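Let me begin by presenting the structure, written as C-alpha cells, before commenting on it.
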Amino acid sequence: MDHANHPRLDASEYTEAVLSGAAVYGPGDEKVGTISHIHGTGAGAQVVIEVGGFLGIGAKSVSVAAQQLDLMRNEAGEVHAVTTWTKDSLKEMPEHHH
C-alpha cells in the first residue's frame, strides 16, 4: 500500500471515535497492531496499541504518543497508522495496563 497520497489526520482528529480500531502498519507495510483506545485527545494523546495475539487472546498493550505515529486515511476514508516500529520492537515496550 502506498501511503504517500493518504491525507494525514489533523491533531484535532486524535479522538477515541476516530482512532479506535485503526490498523497500525510497520516499516515493511505489515500489520503490527491495532489501536485499542486512547488517553486524552489532540496533540498530547496517548495511543494504546494491541500487539500480537489472536482474537484478543495473548495480545500485549503498549502506549505511545499519538505524535509518534503517522496517522492518515486511505482512499476509502479508513483511518490507519504507519510506524517505524516492528511488531517485535512494540512487544519489547513496557506493557500498558488499563
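Just a few scattered comments:
- Other residues lying with their Cβ under 15 Å from the Cβ of residue 35 contribute a combined charge of -1, Lys and Arg counting +1, Asp and Glu -1.
- Cα centroid of region 26-41 to Cα centroid of region 44-76, whole Å: 2 Å
- For residue 6, net neighbour charge (Lys/Arg +1, Asp/Glu -1) across residues whose Cβ lies under 12 Å away: -2
- Net charge of neighbours whose Cβ lies under 13 Å from the Cβ of residue 71, counting Lys and Arg as +1 and Asp and Glu as -1: -2
- Stokes-Einstein translational diffusion, the chain - Kirkwood Rh over all Cα pairs, 1.306 mPa s, 10 °C, in µm²/s: 119 µm²/s
- Length-normalised contact order of region 11-91 in % [C-alpha pairs under 8 Å, at least 6 apart]: 30 percent
Read the figures in this text as sums done on the coordinates, not as results from a lab. Note that the structure is predicted; figures quoted are calculated from it, not measured. Ideal geometry is used to build each Cβ from the backbone, glycine not excepted, and the neighbour counts take in all protein chains shown.
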